[in-house]
Amino acid sequence: MDGGDTESSYVSKLTQVTEGEWAGWSWYPGGDPFEDLAGPFYFRIDDQGPVCAFKVEKKHLNGGDFLHGGCFMTFADFSLFVIGRDALQDQHAVTATFNCELVGAAYEGQVIECRGDIVKNTRSMVFVRGLMKVGGETIMSFSSVLKKRGPRRT
């Protein structure tokens with residue numbers, strides 16, 4: 001979702017899911033090849049603000065049969081840009097720093113949810129933090145700085 005090379009052939013296509021388990025949620029197929037491979041990751045805006053979610057599949061697991069740390073971080077990175085989207089508007093941005101604490105586990109079939117907030121929005125950076133939960137229990141906390149790189153080209 002954060003873009004990359006502005007000359008890339010990848011174009012985010014904000015898509016709302018209209019049926020099935022994720023009806024009412026949105027996602028960005030085609031916008032980030034790695035997230036497309038790792039996801040699908042979804043989001044929606046409710047009365048508490050943005051919430052991101054995905055269901056843990058076999059492909060997300062490590063050798064111990066629980067959520068791989070890299071998947072935690074990939075989903076958190078996706079979530080950063082959803083949480084920070086109002087501050088970014090039409091800005092191209094990249095993840096400049098990323099810090100996290102893995103404090104729990106998730107297993108195949110569980111739904112992971114992530115919420116967060118913008119700590120500070122400056123001219124060139126957005127400071128974001130979030131919590132990832134499964135069944136109401138926190139499994140990861142994270143913070144990041146998103147670097148604004150200039151207007152998106154359409």
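Tabulated data
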{"item": "Val82 vs. criteria touching a Phe, Trp or Tyr at 6+ places or on another chain (Cβ under 8 Å), hydrophobic (A, V, I, L, M, F, W, C) and part of a helix (DSSP H, G or I)", "result": "yes"}
{"item": "Total residues in the range 94-108, condition loosely packed, with under 14 Cβ neighbours inside 10 Å, under 14 Å from the mean Cα position of the chain (by Cα) and among the aromatic types (Phe, Trp, Tyr)", "result": "0"}
{"item": "Sole residue being of a type in the set (Phe, Trp, Tyr) and farther than 30 Å from Lys58 by Cβ, chosen from Phe127, Phe98", "result": "Phe127"}
{"item": "Scan of the range 126-143 for residues that are surrounded by 15 or more Cβ atoms within 10 Å (Cβ to Cβ) and either modelled with pLDDT under 95 or over 16 Å from Asp86 (Cβ atoms) (or both), ordered by number", "result": "Leu131, Met132, Lys133, Val134, Ile139, Met140, Ser141, Phe142, Ser143"}
{"item": "Every residue from the range 63-79 that is of a type in the set (Phe, Trp, Tyr) and either assigned to a loop (DSSP other than H, G, I, E, B) or surrounded by fewer than 17 Cβ atoms within 10 Å (Cβ to Cβ) (or both)", "result": "Phe66"}
{"item": "Any pair with Cβ under 8 angstrom, 6 or more apart, that starts in the range 12-23 at a residue that is without any contact (Cβ under 8 Å) to a residue 40 or more places away in the chain and ends at one that is surrounded by 11 or more Cβ atoms within 10 Å (Cβ to Cβ) and of a type in the set (Asp, Glu)", "result": "Ser12/Asp32"}
{"item": "The listed residue being at negative phi, within 15 Å of the chain's Cα centre (by Cα) and in contact (Cβ under 8 Å) with a residue 60 or more places away in the chain, out of Asp86, Asp77, Asp90", "result": "Asp77"}
{"item": "Residue list for the range 33-55, filter: part of a loop (DSSP other than H, G, I, E, B) and either touching a residue at least 60 places away in the same chain (Cβ under 8 Å) or under 20 Å from Ala87 (Cα atoms) (or both)", "result": "Asp47, Gln48"}
{"item": "Tabulated pairs, the range 112-138, first on the phi > 0 side of the Ramachandran plot, second in a loop (DSSP other than H, G, I, E, B), C-beta under 8 angstrom, 6+ apart or interchain", "result": "Gly135/Gln110"}
{"item": "Qualifying positions in the range 103-125 - part of a strand (DSSP E or B) and either modelled with pLDDT under 95 or not basic (Lys, Arg) (or both)", "result": "Val111, Ile112, Glu113, Cys114, Gly116, Asp117, Ile118, Val119, Asn121, Met125"}
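The values are calculated or read from the model by the stated rules, or taken from the named source; none is laboratory data. Computed from a predicted model, the values in this text were never measured in an experiment. Here Cβ is always computed from backbone atoms with ideal geometry, including for glycine, and neighbour counts include all displayed protein chains.
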